[in-house]
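Report on the structure given below.
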Amino acid sequence: MASSLSGSRQLPDSRYDLSSYWGRVRQCADLADPRTLFTSASQLNNSINLLTNYKHGKIQEMNPELWQAKKIVDSTLHPDTGNPVLLPFRMSCYVFSNLVVTAGMLIPGMKASKSWKGILGWQIANQSLNVAINSANANQSAPLSTETMIKSYFMAVSASCTVALGLTHMVPRISFVTQQTKTILKRLVPFAAVASAGALNVFLMRGEEIRRGIDVFPVISSTEHDGQGKMEISEKSLGKSSKAAFLAVGETATSRVINAIPVMVVPSLLLLRFQKTEWLKKRPSLLMPVNIGLVFLTSTIALPFALAIFPQRQVIRKGSLEEKFSGDGRKDELVAFNRGI
């Protein structure tokens, strides 16, 4: 992201008010804008140069061209390393990367006879994609070792497959609910597996951050201007905090579960209703395209709202962290850290 560029002058975090949920939604919509995927190397370099010139004082004020440059850089570069995030794992590609996998996980729920191999295959594919996205977008001040990553991956896969197969086997045996309720519960099995394993995946893949801590930075100034909160944050770390890391990872895991709710639940329930219509009964070949379309539409709408639940740059008081940060008696001073995505 732009914060990793050289220069002593700080760029504004956003053109929107990030202290409000709606402002963060608009910011996340920019971050997830798929049009940035078509940015060429020359356009990226030009955007970096424009922002670098601003940070060095060669450009005095933000203008539409600079805001567009910041949007490109923020959606392409990792905020800690300054290197481009591999394209399939960027938030701007998240909907497309998850489209086939998500639709695939919903296929078993549409069939009268389910294949355990199909359930396992799609759960493994989903967790593999989650691992790649989590790793590519995690806070890089506490990188994972290859051994830890492999262990975390197999634990997450085991959890998702266990939940998916267990619930698939258990739901038909429930005797105290109607057949209609059983059908709905079957459609929700993929969500239960994705939500539980997705949260576990985040904690496993980013567990090293909690053990070693992540960098926290002092907030130099905090002002209110034109109804928007403005903060200047130092680029010099105060040290690593495990409490900040736990908060960052916990919020990320929660946002993943929140994102999974509409994506895994809404298309399944809508498709269940559409399957009862004469239009779709006469056109069974359209079942899969309709399923994919519902997943795509829901994912596109839901992603910015889920990402915006928590600020990416989290600000808390020193007193909420370890004693070493507030030992000077300034517990009310603010510090900031990168939550990751």
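The values are calculated or read from the model by the stated rules, or taken from the named source; none is laboratory data. Note that this is a predicted model, so its numbers are computed, not measured. Methodologically, a virtual Cβ is constructed for each residue, glycine included, from the backbone with ideal geometry; neighbour enumeration extends over all protein chains shown. Calculation scope for accessible area: heavy atoms of the full protein, side chains included, ligands and nucleic acids excluded. Shrake-Rupley method; radii C 1.70, N 1.55, O 1.52, S 1.80 Å.
Residue-wise test of (1) without any contact (Cβ under 8 Å) to a residue 40 or more places away in the chain; (2) farther than 26 Å from Asn134 by Cβ; (3) among the charged types (D, E, K, R).
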{"residue": "Lys281", "(1), (2), (3)": "yes, yes, yes"}
{"residue": "Pro284", "(1), (2), (3)": "yes, yes, no"}
{"residue": "Met288", "(1), (2), (3)": "no, yes, no"}
{"residue": "Pro304", "(1), (2), (3)": "no, no, no"}
{"residue": "Val315", "(1), (2), (3)": "no, no, no"}
{"residue": "Arg330", "(1), (2), (3)": "yes, yes, yes"}
{"residue": "Asn338", "(1), (2), (3)": "no, no, no"}
Report, by residue number, each residue of segment 17-39 that is within 14 Å of the chain's Cα centre (by Cα) and of a type in the set (Val, Ile, Thr).
Val25
Which of the residues belonging to segment 293-325 are open to solvent by 80 Å² or more (accessible area, probe 1.4 Å), in contact with a helix residue (DSSP H, G or I) (Cβ under 9 Å, 6 or more places away or on another chain) and under 30 Å from Phe217 (Cα atoms)?
Phe305, Arg313, Arg317
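Considering only segment 240-265, how many residues are of a type in the set (S, T, N, Q) and crowded, with 18+ Cβ neighbours inside 10 Å? Reasoning before the result, please.
Narrowing segment 240-265 to residues of a type in the set (S, T, N, Q): 241-242, 252, 254-255, 259.
Still in the list and also crowded, with 18+ Cβ neighbours inside 10 Å: 241, 252, 255, 259.
Residues in segment 240-265 being of a type in the set (S, T, N, Q) and crowded, with 18+ Cβ neighbours inside 10 Å: 4 in total.
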Quick one: count up the residues across segment 266-292 that are open to solvent by less than 30 Å² (accessible area, probe 1.4 Å) and closer than 30 Å to Arg339 by Cα.
1
Can you spot a residue in segment 306-316 that is touching a Lys or Arg at 6+ places or on another chain (Cβ under 8 Å) and more than 30 Å from Pro190 (Cβ to Cβ)?
yes
Per-region count, segment 173-213, residues more than 21 Å from the chain's Cα centre (by Cα) and crowded, with 23+ Cβ neighbours inside 10 Å:
1
If I filter segment 54-66 down to residues being modelled with pLDDT under 90 and charged (D, E, K, R), which single residue comes out as surrounded by the most Cβ atoms within 10 Å (Cβ to Cβ)?
Lys55
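For segment 19-34: of the residues being among the hydrophobic types (A, V, I, L, M, F, W, C) and closer than 27 Å to Asn45 by Cβ, which is surrounded by the fewest Cβ atoms within 10 Å (Cβ to Cβ)? Let's see the steps before the verdict.
As a first pass, look at segment 19-34 and keep what is among the hydrophobic types (A, V, I, L, M, F, W, C): 22, 25, 28-29, 31-32.
With closer than 27 Å to Asn45 by Cβ added as a condition, the list becomes 28-29, 31-32.
Details: Cys28: 21, Ala29: 16, Leu31: 24, Ala32: 21.
The extreme case among them is Ala29.
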Looking at segment 67-80, is at least one residue under 18 Å from the mean Cα position of the chain (by Cα), closer than 27 Å to Val131 by Cα, modelled with pLDDT under 85 and open to solvent by 20 Å² or more (accessible area, probe 1.4 Å)?
yes
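Among the residues of segment 214-239, write down those that are open to solvent by less than 50 Å² (accessible area, probe 1.4 Å) and at pLDDT below 80. Outline the logic, then answer.
Going residue by residue through segment 214-239, those that are open to solvent by less than 50 Å² (accessible area, probe 1.4 Å) are 214-216, 218-219, 221, 228-229, 233-234, 237, 239.
If the condition is that a residue be open to solvent by less than 50 Å² (accessible area, probe 1.4 Å) and at pLDDT below 80, then Ser221, Gln228, Gly229, Ile233, Ser234 are the ones that fit.
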If I go through segment 100-142 residue by residue, how many of them are charged (D, E, K, R) and either under 16 Å from Phe154 (Cα atoms) or modelled with pLDDT under 75 (or both)?
2
